[in-house]
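The values are calculated or read from the model by the stated rules, or taken from the named source; none is laboratory data. Everything numeric in this text was worked out from a predicted model, so none of it was measured. Every residue, glycine among them, receives a Cβ derived from its backbone with ideal geometry; neighbour counts consider all protein chains shown. Just the protein is used for accessible areas: all its heavy atoms, side chains included, with ligands, DNA and RNA removed. Shrake-Rupley method; radii C 1.70, N 1.55, O 1.52, S 1.80 Å.
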Amino acid sequence: MSEGAVNNTSGETDQENSTNSRRYFLIQATSAVGAVGAAGAAWPFIKYWTPSAKARAAGAPVKIDFSKLSPGEMLSPIVAWRGKPIFVVYRDQPSIDALETDSGGLADPDSTNPEQQPDFAVNPWRSERPEIGVYVGICTHLGCSPKYVETDNFENTGQGGFFCPCHGSKFDLAGRVVAGVPAPYNLEVPPYRFESDTVIVIG
Ligand code: FES
């Protein structure tokens, strides 16, 4: 067949076919090199983005079984999540009633600071279930760990609460800070969910 002869049903000549093949090859080769180059360039960042097993463990969710907790108690030993102590308290009915009615003397009784709790904890108990309170046990003043003060022994209120021995900040059983103390905010409520009636997952 002579040069330029038509050899297919689309009417292309041998020369046109050859040119098209070379163009196709060059496009494929350039794309492949580009992909390899991009992957190579991205590798340091991908390595950087991939957290180590230790880092994953440090930020991993933590399960807490509070099946042995009774009304009026705080869970002991205290479980840590992301290096922070997590307080789990089981409130009795008088304490729940008091949280719903006694908001006087508190700096932020309605939990208006969105940094201090998830949306589900914007209520008088600052928790998902009224009887179970879950708080980060770090004072919002300078980071000491408050003490749990059991029922009938907190500020003569007849209810429990948390007292920070470092500079005297006080929080009620929902972690709401008393007005006029050094701590500026309510205790933080971590993100959590109930996996069952007696197991919560933090994080
Ligand atoms: S650290 Fe708690 S009152 Fe200062």
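Annotation note: Cβ proximity below 7 Å between a residue of the stretch 75-97 that is of a type in the set (Asp, Glu) and a residue that is open to solvent by less than 70 Å² (accessible area, probe 1.4 Å) (sequence gap 6+ or interchain) occurs for Asp92/Gly72; Asp92/Thr151. Using the structure shown, decide if Gln117 is open to solvent by less than 20 Å² (accessible area, probe 1.4 Å) and more than 16 Å from the ligand (Cβ to nearest atom). Considered against the rule, which asks whether it is open to solvent by less than 20 Å² (accessible area, probe 1.4 Å) and more than 16 Å from the ligand (Cβ to nearest atom), Gln117 comes out as yes. Against the list (1) open to solvent by 10 Å² or more (accessible area, probe 1.4 Å); (2) under 17 Å from Pro130 (Cα atoms); (3) not basic (Lys, Arg), the condition Cys166 fails is (2). Restricting the stretch 172-188 to residues that are more than 9 Å from the ligand (Cβ to nearest atom) and either more than 26 Å from Pro61 (Cα to Cα) or surrounded by fewer than 23 Cβ atoms within 10 Å (Cβ to Cβ) (or both), the residue that is farthest from the chain's Cα centre (by Cα) is Gly180.
Considering Gly161, Gly168, Gly137, the condition of being within 24 Å of the chain's Cα centre (by Cα) and either within 16 Å of the ligand (Cβ to nearest atom) or closer than 18 Å to Val79 by Cα (or both) is satisfied by Gly137 alone.
Might you check whether a residue that is within 16 Å of the ligand (Cβ to nearest atom), free of Cβ contacts under 8 Å to residues at least 12 places away in the same chain, more than 21 Å from Lys63 (Cα to Cα) and not aromatic (Phe, Trp, Tyr) occurs anywhere in the stretch 140-156? Yes: one or more hits. Scanning the stretch 117-143 for residues that are among the aromatic types (Phe, Trp, Tyr) and within 13 Å of Ile86 (Cβ to Cβ) yields a single hit, Tyr135. Asp108 fulfils the conditions (1) within 13 Å of the ligand (Cβ to nearest atom); (2) touching a residue at least 40 places away in the same chain (Cβ under 8 Å); (3) open to solvent by less than 60 Å² (accessible area, probe 1.4 Å); (4) assigned to a loop (DSSP other than H, G, I, E, B) except for a single criterion, (1).
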